[in-house]
Every structure is written in C-alpha cells, then in structure tokens.
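Trainee: There's a structure below that I have some questions on.
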Amino acid sequence: MSQDFRVLQEAADWFAVLHSGRVREDERLAWQAWLAQPDHAHAWRKVERLSGQLQRLSGEPGGRAAAGMLGSRSGRRQALKTLSVLCGGGALAWLGGDRLSARGWFASQRSAVGEVRDLRLADGSQLWLNTDSAVDIAFDDAARTLALYRGEILVDAPTERRPLLLRSAEGVLRSERGAHFSLRQLDGETQLSLYAGDFMLRGAGSAATLLSAGRQWRFSPDGAITSGPLQRARQAWSGGMLLADDMRLDAFLAELGRYRHGYLGCDPRIAGLRVVGAFPLADTERVLDALASTLPVRVQRRLPWWVSLEPA
C-alpha cells in the first residue's frame, strides 16, 4: 500500500473517531500524536476540506439530517442516499475540491454532479452536458460559439454558413463545416475527441494547427499539442453508461468518481485489476457493489463521503 493512500485512509478513520460523539481522552491524545507528522497534517486538511464542503448543506432542506450523519459510524448508506437526492437536485454546486470558475457559475447551461443533460440548439445541433459541466451558448449572425468552463460536452453539429467556434481555457477551435466531437476541460489541458469533421486550433501564442477526425487531441496553454487513438466507447456517457473494455481499476474509478460527491479511492495493490462491462452512471453505489462481486476487492466506507476499494 502506498504511503499517500495509507495516510489518507488513516485521516478518514481519525475523522470518524473524533466526530463520533464518544471521544476518549486517550483517543484524542493518540490523534494529536498522529497529526504531528507533516504528511499526516496534509491528509487531515484534505479530509477537513471535504467535510467543510458537506457542512454547507446545513442550510438546505434535509441538509441538517445529512450533516448529522457526517461522523456517524452507522447509517452511512442512508447518508449516501440523502446526499444523492440533495446533490441531484442541485443543492451542492461542488463537493470534492474542484472549484467553479466565476464565469462557470453564470454559464447559460450547467449540470450537477451525476447529472447528464441533452439539449437541441437553435441551429439543429444536439448537445449533451456531462456531469458537473458548464457551457455558454452564444449564436449570432457571425458565428455559433460554445464556451466550455468546466466538465465535458458532446456535440453533433450540422454544416451551416456560420462557423462553429469552441472556446476553452487553453485555446479557440474553429470549424467551417459539420462536426461530431466531445470537448473536455481537464486540469491545465483541453481534450478534443473528434469523431467527424475537423477544427483549426489557435492556442495562446501559437500558430493555427489543423486537427482532423479520427483522433483524440490534447492541447495546453504553452502550445503543446498531443494526439492519441480515438476512444469511441467514451461517448456512452451521453446514454448514462460507462463502458469498460479491459480498463484498469484505478482509471475506471477515476471516471466513476466524476459522477458522485466526495472521495473515491483505490488501494495501489489492486489498481491494476482489469474491468470489463457496461455500468449505469445513475447508480454508482450499485456499480461499486458489482465490482466487489466480480473482482477480489471490498468496498470500504469510512465516512458517507469517503469510499475506497481495497483487497478482499
């Protein structure tokens, strides 16, 4: 087990102990001794940050009930159900460390964590918003513009006299004809999966570059552009499914974690296990139970919002 993963798990365990309402003095002293280590303090701050975000529910209907279960050593499944209802209704804009950009708060179209939406645009385009996404849609006589602030969109756009412009934090893409693509805002990078059509990319301070269909492209603010094989199965999220074809377990959980609040971790000893199947994104608890029934893993729920997979 890696040091980072082990320390994070210990931090979650200590949080549950200290918020159980029955803390003994020897437990408090033991926690203080544990916290004295520098890497332990960093892990503790991460757990506290997640906890603080959950506490923001206290002013929402039902939020006090969910927050009351925060440190409980029992009733965790009920807390997860309560959080699912609240967050699905938009009570939380975020939980887990990804802050929205100021512009993202006011984007014309947004989706909550775990929500997938589809829209028909004025030009006949079909647009899907993936979980926790924000996009501005602006059509005028000169151009059709989509500005992605966070998350991911999938678009099937027809050919039209007006160009199609895509804006992200890393650059501007322009197409003069129809295109079928997904655009995802990553941490410091933009990813374009281009299923049909082509785009001209103009990044900050770089010459225009033609991006062609049949590839997956990534570009960053410094002008670096990389490409790789197109993963057509990734479009399945628009239909509420996550498809895995011999996918590493840690990569699978990273994708699944986008559709739920809180921390979803994986013990490094099982990170390389392979996952195959089609999984419903609307019920991530069911997906975790399915993994536990088909792989040599167990689901460890230390807190309602802190879940990890560990060796069985």
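Trainee: State whether the residues of segment 109-130 include one that is under 16 Å from the mean Cα position of the chain (by Cα), in contact (Cβ under 8 Å) with a residue 60 or more places away in the chain, farther than 24 Å from ARG218 by Cβ and open to solvent by less than 50 Å² (accessible area, probe 1.4 Å).
Mentor: At the first step, the residues of segment 109-130 found to be under 16 Å from the mean Cα position of the chain (by Cα) are 110-117, 128-130.
Right, trim to in contact (Cβ under 8 Å) with a residue 60 or more places away in the chain and you get 113-114, 116, 128, 130.
So of that shortlist, the ones also farther than 24 Å from ARG218 by Cβ come out as 114.
Filter once more, keeping what is open to solvent by less than 50 Å² (accessible area, probe 1.4 Å): 114.
Yes, segment 109-130 has at least one match.
Trainee: What about GLN55, is it at pLDDT 75 or above and open to solvent by 50 Å² or more (accessible area, probe 1.4 Å)? Walk me through how you get there before you give the answer.
Mentor: On the way: at pLDDT 75 or above: no; open to solvent by 50 Å² or more (accessible area, probe 1.4 Å): yes.
Considered against the rule, which asks whether it is at pLDDT 75 or above and open to solvent by 50 Å² or more (accessible area, probe 1.4 Å), GLN55 comes out as no.
Trainee: Being modelled with pLDDT of 95 or more, more than 17 Å from the chain's Cα centre (by Cα) and either surrounded by fewer than 20 Cβ atoms within 10 Å (Cβ to Cβ) or among the acidic types (Asp, Glu) (or both): is that true of ARG177 here?
Mentor: When the stated conditions are applied, ARG177 does not pass them.
Trainee: Among residues belonging to segment 222-251 that are farther than 13 Å from LEU288 by Cα and touching a residue at least 40 places away in the same chain (Cβ under 8 Å), point out the one that is most open to solvent (accessible area, probe 1.4 Å).
Mentor: Quick first cut of segment 222-251, residues farther than 13 Å from LEU288 by Cα only: 222-241, 243-248, 251.
Filter once more, keeping what is touching a residue at least 40 places away in the same chain (Cβ under 8 Å): 234-238, 240-241.
Values: ARG234: 45, GLN235: 42, ALA236: 25, TRP237: 8, SER238: 39, GLY240: 25, MET241: 66 Å².
Only one residue tops the list, namely MET241.
Residues checked against (1) hydrophobic (A, V, I, L, M, F, W, C); (2) in contact with a Pro (Cβ under 9 Å, 6 or more places away or on another chain); (3) open to solvent by less than 40 Å² (accessible area, probe 1.4 Å):
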site: PHE139; (1), (2), (3): yes, no, no
site: ALA143; (1), (2), (3): yes, yes, yes
site: ALA157; (1), (2), (3): yes, no, yes
site: LEU166; (1), (2), (3): yes, no, yes
site: GLU170; (1), (2), (3): no, yes, yes
site: GLY197; (1), (2), (3): no, no, yes
site: ALA213; (1), (2), (3): yes, no, no
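Trainee: Can you tell me which residue within segment 275-312, out of those that are among the acidic types (Asp, Glu) and over 13 Å from GLN9 (Cα atoms), is farthest from the chain's Cα centre (by Cα)?
Mentor: So the first thing to find is which residues in segment 275-312 are among the acidic types (Asp, Glu), and the list is 283, 285, 289, 310.
With the extra rule that they be over 13 Å from GLN9 (Cα atoms), the set shrinks to 283, 285, 289.
On the way: ASP283: 15, GLU285: 16, ASP289: 20 Å.
Looking at the filtered set, the residue picked out is ASP289.
The values are calculated or read from the model by the stated rules, or taken from the named source; none is laboratory data. Since the model is a prediction, treat every value here as computed from it, not as a measurement. Heads up, the Cβs are rebuilt from the backbone with ideal geometry, glycines too, and the neighbour counts pull from every protein chain shown. The protein model used for the area step is the full one, side chains on, heavy atoms only, and it has no ligands, DNA or RNA in it. Shrake-Rupley method; radii C 1.70, N 1.55, O 1.52, S 1.80 Å.
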